[in-house]
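Here the structure is laid out as structure tokens; the discussion comes afterwards.
The values are calculated or read from the model by the stated rules, or taken from the named source; none is laboratory data. Since the structure is predicted, the reported quantities are computational estimates derived from the model, not experimental observations. All Cβ positions, glycine included, derive from the backbone under ideal geometry; neighbour counts span all protein chains shown. Note: accessible area is taken over every heavy atom of the protein model, side chains too, but ligands, DNA and RNA are not part of it. Shrake-Rupley method; radii C 1.70, N 1.55, O 1.52, S 1.80 Å.
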Amino acid sequence: MSLPSEVDVAIIGAGAAGLGAARALENSGLSTIVLEARDRVGGRGYTIMAAPNITFDLGCGWLHSADKNSFVKIAKRLNIEIDKTRPPWREQSFDAAFPPKERADFIEAIDAFYDRAEEAAKSGRDSAASAYLEPGNRWNPMIDAISTYVNGSELDRVSILDMDAYEDTGINWRVRRGYGALMTAYGAPCPLALNTQVTLIDHSGTRVRIETSQGTLTASKVIVTVPTNLIADEAIRFHPTLPAKVDAARGLPLGLADKVMLALDQPEALPKDGNLRGATMRTAMGSFHLRPFGQPCIEGYFGGSFAQALEDAGRGAVAAQAINEIAALLGNDYRRKLKPLSESRWAHDPFARGSYSHALPGHAGDRAVLAAPVDGRLFFAGEATSPNFFSTAHGARDSGERAAGEVIRNK
Ligand SMILES: Cc1cc2nc3c(=O)[nH]c(=O)nc-3n(C[C@H](O)[C@H](O)[C@H](O)COP(=O)(O)OP(=O)(O)OC[C@H]3O[C@@H](n4cnc5c(N)ncnc54)[C@H](O)[C@@H]3O)c2cc1C
């Protein structure tokens with residue numbers, strides 16, 4: 001779609017939040033356009049065929065809190081298959097790598113850590129989650145590794161109040177065709193301008209002027225859904241400036257998680273939907289999903305500063321690390337059985353600059369600050385604005401719907 005010169009509502013970003021906002025405005029009588037810098041919709045939801053028989057979600061893959069996840073209903077409506085196989089995260093497929101007794105000890109230690117943090121959060125005083133690790137506990141590095149997957153960051157940079165606010169119902173499903181593919185189908189009816197990078201939102205006049213890589217347009221109202229790191233870095237600028245938004249975005253940085261997909265020769269030797277951890281006594285390690293959906297592949301997951309170091313080492317480093325870890329656990333034969341297909345590089349992605357948001361200690365309140373409208377004309381959505389489903393795709397989508405509701409109320 002070519003860029004109109006004026007519109008009632010401009011939505012910036014065609015990720016889950018932007019698409020959620022656009023779909024919610026469908027029958028509002030307001031003219032709408034979604035401005036998207038990339039050549040595709042979905043943002044951090046992105047499914048590719050890593051091989052003809054291997055579906056790979058480079059971004060979100062799990063319908064977290066599936067019993068409260070608005071994408072579940074959407075998938076049903078669109079007739080898109082949902083897979084309800086339980087995630088293997090708490091299990092380990094090979095006892096030799098992580099014996100059951102050790103596993104039970106670890107689970108007890110991590111559950112006790114979460115209980116202590118939850119108890120501390122009741123005081124209403126914020127602090128770093130790492131303060132609730134038991135000093136000297138042998139499982140601390142591994143608990144921190146889990147934080148790098150869940151928060152994209154080590155615990156010393158994670159607020160306990162924010163961690164406590166996150167709502168996890170413990171039910172996690174998947175989309176067989178890919179979560180990104182579901183978003184694409186959901187967004188299909190949206191009025192959209194791709195390859196349109198917004199650089200400036202000028203709200204000094206009676207109408208909001210939006211400068212983009214495809215020219216300028218004006219809007220009565222704007223919904224901003226770009227990831228926090230872009231607001232924090234002022235990669236998208238406001239005039240007059242919005243220092244409270246920039247500060248809030250800086251308090252809610254995107255942590256990092258990266259995925260790698262490896263093709264697997266002789267897949268029958270490994271269990272379908274199994275799990276393997278690269279190590280048990282350190283933080284810098286991958287977590288491996290064996291044969292997701294029974295496909296002939298292994299999907300690796302790396303998080304936090306280790307993922308950052310691997311990305312910084314250059315393309316192929318994530319895959320090389322994954323193969324080294326798997327070969328160390330299952331035997332050297334796996335070096336020849338595994339072939340790198342694809343890996344994400346979310347920190348180096350100019351329109352994401354990370355994977356998902358967490359609040360820094362002392363900054364749990366920043367989510368509400370970021371979400372608040374400005375002058376009844378600028379509205380904010382995106383996963384980081386969700387009060388309790390932040391860091392997720394459904395939290396992002398719901399926030400878009402919330403911002404659309406605010407627009408309609410301010411009509
Ligand atoms: C590796 C990984 C694994 C994940 N796993 C899960 C999971 O299992 N389950 C889950 O629920 N969530 C998961 N997530 C998180 C989930 O993907 C995100 O929270 C969600 O997709 C964010 O949606 P959003 O609309 O807020 O932001 P985005 O999807 O980032 O959308 C923002 C859009 O704005 C665009 N944009 C940026 N700058 C500009 C600009 N200047 N002009 C125009 N457009 C711009 C971007 O290109 C993007 O399309 C994962 C994320 C990653 C990276």
**OP:** Hey, can you tell me all the residues within the stretch 206-261 that are more than 10 Å from the ligand (Cβ to nearest atom), under 20 Å from the mean Cα position of the chain (by Cα) and assigned to a strand (DSSP E or B)?
**Re:** ILE223, VAL260, MET261
**OP:** May I ask you to list pairs of residues, at least six apart or on different chains, whose Cβ atoms are under 6 Å apart, with the first in the stretch 374-402 being at negative phi and the second being among the acidic types (Asp, Glu)?
**Re:** PHE379/GLU406; ASN388/GLU167; PHE390/GLU383; GLY395/GLU383; ALA396/GLU383
Original post:
Is at least one residue of the stretch 359-380 within 16 Å of the ligand (Cβ to nearest atom), within 25 Å of ASP39 (Cα to Cα) and touching a helix residue (DSSP H, G or I) at 6+ places or on another chain (Cβ under 6 Å)?
Top reply: yes
**OP:** Give just the number: which of (1) in contact with a helix residue (DSSP H, G or I) (Cβ under 7 Å, 6 or more places away or on another chain); (2) in a loop (DSSP other than H, G, I, E, B); (3) open to solvent by 40 Å² or more (accessible area, probe 1.4 Å); (4) not hydroxyl-bearing (Ser, Thr, Tyr) does GLY152 not satisfy?
**Re:** (3)
**OP:** Working only within the stretch 160-209, note down all residues that are among the hydroxyl-bearing types (Ser, Thr, Tyr), farther than 30 Å from ASP115 by Cα and in contact with a Lys or Arg (Cβ under 8 Å, 6 or more places away or on another chain).
**Re:** THR184, TYR186, THR199
Subject >> Test result for ALA188, crowded, with 20+ Cβ neighbours inside 10 Å and within 30 Å of ASN53 (Cα to Cα) >> reply: no
Subject >> Looking only at the stretch 156-185, and only at residues there that are part of a strand (DSSP E or B) and open to solvent by less than 20 Å² (accessible area, probe 1.4 Å), the one that is nearest to PHE380 (Cα to Cα) >> reply: SER159
Original post:
Can you find a residue in the stretch 383-399 that is part of a strand (DSSP E or B) and either at pLDDT 95 or above or polar (S, T, N, Q) (or both)?
Top reply: no
Subject >> Cβ pairs under 6 Å, 6+ apart, first in the stretch 196-219 and under 14 Å from ALA37 (Cβ atoms), second of a type in the set (Asp, Glu) and modelled with pLDDT of 95 or more >> reply: THR199/GLU211; LEU200/GLU211
**OP:** For the stretch 293-346, name all the residues that are under 21 Å from the mean Cα position of the chain (by Cα), assigned to a helix (DSSP H, G or I) and free of Cβ contacts under 8 Å to residues at least 60 places away in the same chain.
**Re:** GLN308, ALA309, LEU310, GLU311, ASP312, ALA319
Subject >> Count - residues of the stretch 115-149 that are over 22 Å from ALA104 (Cβ atoms), touching a Leu at 6+ places or on another chain (Cβ under 7 Å) and in a helix (DSSP H, G or I) >> reply: 3
Subject >> Index of the failed condition, ASN79 passing every other in (1) on the phi > 0 side of the Ramachandran plot; (2) polar (S, T, N, Q); (3) buried (at least 17 other Cβ atoms within 10 Å of the Cβ) >> reply: (3)
Subject >> Among the candidates SER399, SER342, SER391, residue that is open to solvent by less than 20 Å² (accessible area, probe 1.4 Å) and within 13 Å of the ligand (Cβ to nearest atom) >> reply: SER399
**OP:** Could you please give the count of residues in the stretch 11-50 that are buried (at least 24 other Cβ atoms within 10 Å of the Cβ), of a type in the set (Gly, Ala, Ser) and near the ligand (Cβ under 7 Å from one of its atoms)?
**Re:** 9
Original post:
What number goes with the only condition from (1) surrounded by 24 or more Cβ atoms within 10 Å (Cβ to Cβ); (2) in a loop (DSSP other than H, G, I, E, B); (3) touching a Phe, Trp or Tyr at 6+ places or on another chain (Cβ under 7 Å) that GLN92 does not pass?
Top reply: (1)
**OP:** Look through ASP8, ASP67 and report the one residue that is of a type outside the set (S, T, N, Q), open to solvent by 30 Å² or more (accessible area, probe 1.4 Å), under 18 Å from ALA193 (Cα atoms) and in contact with a Ser or Thr (Cβ under 9 Å, 6 or more places away or on another chain).
**Re:** ASP8
